[in-house]
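*Asks:* Take this structure first; my questions come after.
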Amino acid sequence: MAGLRRPPLAALVYGVLLAGMAVGQLASLDEFGEALESYEFFGPLVPAAQFGLPVIEVLVAVGLLLSSKLPPHAVRASGLVGVLVALVWSTLAVQAFARGLKVENCGCFGAFLSQELRWWVLLEDAYMLLLALLAASSLAVGLQPASWRSSLRSLSITRPGKSGSAGGSSRPKLRSESSVARKDR
């Protein structure tokens, strides 16, 4: 069994979570649709979201769980879409909570494991988003903090007197028109 590899742990855990969510949602489509309606977010697109969201969750779960056997572009797509799924759930919860909407069932698992929208659901969604980011990072999606740091470093601006030697910046200081006018007086 030397050729048998499992996906990274974060991808495995997030894939199982998404698969469980999708199974619960698809097994109770009517109740899941009611849960989505209670968020007052999708409007006339509730039927599309009612079927589309669990299907996307299944596809992402399969991609995450089979990541060791799929081509790299499919693995990266699964990781990225997995983060987007977590963002959708987080956005739904935050906007409903902020607006004070009464959401009896968060809908994460359809009619199963239902819970009313409370502050701890926001924490659960934050944990899910963190797990999605870890899963994507473990699959080399390009969401690693190291890549963020290098991107930020390339955008950094050096302030006079703060870089290099004690003499300050080697770049000439630009003077504004007002400072030139004051000096001429």
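*Asks:* Looking at region 74-93, is at least one residue surrounded by fewer than 21 Cβ atoms within 10 Å (Cβ to Cβ) and more than 16 Å from the chain's Cα centre (by Cα)?
*Replies:* yes
*Asks:* Filter region 41-66 for residues that are among the small types (Gly, Ala, Ser) and at pLDDT 90 or above and give the result.
*Replies:* Once the filter is applied, which keeps residues that are among the small types (Gly, Ala, Ser) and at pLDDT 90 or above, region 41-66 yields ALA48, ALA49, GLY52, ALA61, GLY63.
*Asks:* Further question: Collect the residues in region 25-48 that are surrounded by 21 or more Cβ atoms within 10 Å (Cβ to Cβ) and either out of contact with any helix residue (DSSP H, G or I) (no Cβ under 6 Å at 6 or more places or on another chain) or under 30 Å from ALA140 (Cα atoms) (or both), keeping them in residue-number order.
*Replies:* GLN25, ALA35 - these are the residues of region 25-48 that are surrounded by 21 or more Cβ atoms within 10 Å (Cβ to Cβ) and either out of contact with any helix residue (DSSP H, G or I) (no Cβ under 6 Å at 6 or more places or on another chain) or under 30 Å from ALA140 (Cα atoms) (or both).
The values are calculated or read from the model by the stated rules, or taken from the named source; none is laboratory data. Here the structure is a predicted model, which is why all the values come from computation and not from measurement. Note that each Cβ is placed from the backbone with ideal geometry, even for glycine, and that neighbours are counted across all protein chains shown.
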